[in-house]
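The values are calculated or read from the model by the stated rules, or taken from the named source; none is laboratory data. From a predicted model like this one, the values you see are computed outputs, not experimental measurements. Cβ coordinates were reconstructed from backbone atoms using ideal geometry, including for glycine residues, and neighbour counts include every protein chain displayed. The area values use the complete protein model at the heavy-atom level, side chains included, leaving out ligands, DNA and RNA. Shrake-Rupley method; radii C 1.70, N 1.55, O 1.52, S 1.80 Å.
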Amino acid sequence: MKFKIEKKELSYVFLIVLHVFLGILIFLFPAIAKLYAVSIFGFGFFYIIKTKNKNNEVLISSAYIVSAEVLLRMTDGMILNEVAKYSVLFFMFLGMIYSGFSKNAFVYWLFLLLLIPGVVLSTSSLDFNTDIRKAIAFNISGPVCLGISSIYCYQRKISFEKLKDIISSFSFPLITMLVYLFLYTPSIKDVIMGTQSNFAASGGFGPNQVSTLLGLGIFIFFVQFLFNSRNRLVQIINVGFVLAFAFRGLVTFSRGGVITAVVMILVLLIVLFFRANYNVRAKIGTIIILAFVAGVGVWSYSSLQTKGMINKRYANEDALGRKKQTQLSGREVLIETELEMFMDNPILGIGVGKNKEIRKKETGIDLPTHNEITRMLAEHGSLGIVDLLILFLAPLILFLNNKQNILALSFFTFWLLTINHAAMRIAAPAFVYALSLLIVQIKIHDQTEKITD
């Protein structure tokens, strides 16, 4: 077994320990979260300015703040609710100033232009008592963040080594969040009361968003294990984190994040399988078997800790074992109302932020959208259809023409599945989507050989 750690891996382990300690500090002294938030933005800004974005430092800084967003929200570290999206936007603009962008990214400029009519319409259609600025910002900040990030990333060439650095940047705030969650709820058995989404197991914050980031953590550390673990000790650490994120993701009782992670990993393994030689395919098969065994182990432990409630949750049953009437925790009603709004206003839609008002008047349900696809249809009408076609087709066409970004389809999957259960309330789906548009320069056989090196 190779336990000798190289300098880069030693730095990785040091940063892991640092972020574990940071999670403990934030739990003990919550005020540190605000200082952490300011430090992230300040360091990212300084990092980009100092390097002049010569090696796409914008992506490193953005990945870090995207991963930290939910932690900062659950610890009241956010100065502004949408500060992560605004920070990513600011970093991307800085990156464009230093490094420009592809002229072929015009398709995403078109995407942004097609959002404007819905915004203009909302200024006259929203109720007088509604805070128009907040209503528009809540719904449009995600798509704008996606559009600007995509313009920066579209056909931008980076090395696979740099992509691994971006993955590492994702990982560190996720570790801090994981530590905070274990400290916040050390005993899962004490907080499980039924099969509904569990706030107590989610750091007292929204289980849907926490599950989304925990699911991302499962995938991030699986990628770290495959491609960024030349040393047995580092492999063990990364596998340990995969299992820990899987357990905490399951016990949020919010299914979206965990299911998304599983699909992302399957997509990655399929891509690797079809791009690898015979010997590497055999190794990938071994990894699939081991991953399945590990998954069964985590599920069994989670079932034990939740007194079998997690089994009922994923079987869509209540605590008494009765089948629930709704398959999507009531989101069907939100989807149905938004589709009706689109049918009634198919050209320009109802305007950004208007769907919540109409739904409350017609059904009494005072909830924002959970599905970005039906929101786009309802609020932007036919222009929303065009925008969705751009979002679906552009990364797929790009991947077919250049398959060296082996993580592209997994990134695309994260965006697609996340926006169907959590819309774009956090920056993660917008930024991760943009990463699917990168042109990654990689020697595929060299990298797949590293899987079991």
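Annotations
- Nearby aspartates and glutamates by direct alpha-carbon distance to Lys360 (threshold 20 angstrom, same-chain neighbours under 8 apart not counted): Asp127, Asp131, Glu332, Glu336, Glu338, Glu340, Asp344, Glu372, Glu379
- Using a cut-off of 32 Å between Cα atoms, the listed pairs Lys162/Lys354; Lys52/Lys164; Lys34/Lys307; Lys157/Lys283; Lys324/Lys356 include Lys162/Lys354; Lys34/Lys307 as exceeding that distance.
- Cα-based radius of gyration of region 293-359 once divided by 2.2 N^0.38 Å, which approximates compact folds: 1.74
- Listed residue (Phe27, Tyr86, Met74) projecting farthest to the positive dipole end of region 7-107, Cβ model: Tyr86
- Only Lys, Arg, Asp and Glu carry charge here, each on its Cβ (+1 for the first two, -1 for the last two); on that basis region 1-158 has a dipole of about 720 debye about its Cα centre.
- Think of a 1.4 Å ball rolled over the protein heavy atoms: the chain then has 43 Å² of accessible area per residue.
- Average silhouette area of region 337-453, convex hull of alpha-carbon atoms, in square nanometres: 8.8 nm²
- Among 189-197, 212-220, 341-349, sorting by the average number of other beta carbon atoms lying within 10 angstrom of each residue, highest first, gives 212-220, 341-349, 189-197.
- Taking a Cβ cut-off of under 13 Å around Gly42, the surrounding Lys, Arg, Asp and Glu residues balance to a net charge of +2, with basic ones at +1 and acidic ones at -1.
- Shown for region 114-252 is the translational diffusion coefficient from the Stokes-Einstein equation, using the Kirkwood radius over Cα pairs, a temperature of 4 °C and a viscosity of 1.567 mPa s: 72 µm²/s.
- Within region 31-74, the ratio Rg/Rh, alpha carbon atoms throughout and Rh by Kirkwood, equals 1.03.
- Share of Cα-Cα pairs in region 64-157 lying beyond 15 Å, as whole percent: 67 percent
- Heavy-atom accessible surface of region 127-216: percent carbon and sulfur, 1.4 Å: 58 percent
- Summing +1 for each Lys or Arg and -1 for each Asp or Glu among the other residues whose beta-carbon sits under 15 angstrom from that of Gly217 gives 0.
- Sparse-neighbour loop sites [chymotrypsin sites (Phe, Trp or Tyr not before Pro); region 1-79; at most 13 other C-beta within 10 Å; DSSP]: Phe3
- Quarter of the Cα convex hull surface for region 266-397, i.e. its orientation-mean projected area (nm²): 12.0 nm²
- Listed values (1) 71, 66, 41; (2) 67, 58, 47; (3) 97, 64, 42, entry calculated as Cα extents along the principal axes in Å: (2)
- Surface composition of region 257-374: carbon plus sulfur atoms contribute 66% of the solvent-accessible area (1.4 Å probe, protein chains only, all chains present).
- The value for region 1-123 of Rg(Cα) / (2.2 N^0.38 Å) is 1.34.
- Taking trypsin sites (Lys or Arg not before Pro) across region 51-156, the ones in a DSSP loop with at most 10 further Cβ atoms lying within 10 angstrom of their Cβ are Lys54.
- For region 383-431, with all protein chains in place and a probe radius of 1.4 Å, 74% of the accessible heavy-atom surface sits on carbon or sulfur.
- Among the chymotrypsin sites (Phe, Trp or Tyr not before Pro) within region 110-161, those in coil by DSSP and having at most 11 neighbouring Cβ atoms inside 10 Å are Phe128.
- The local environment of Leu114, defined by Cβ-Cβ distances under 13 Å, has a net charge of -2 under the rule Lys, Arg +1 and Asp, Glu -1.
- Spatial offset of region 319-388 relative to region 194-253 amounts to 30 Å, using the alpha carbon center of each.
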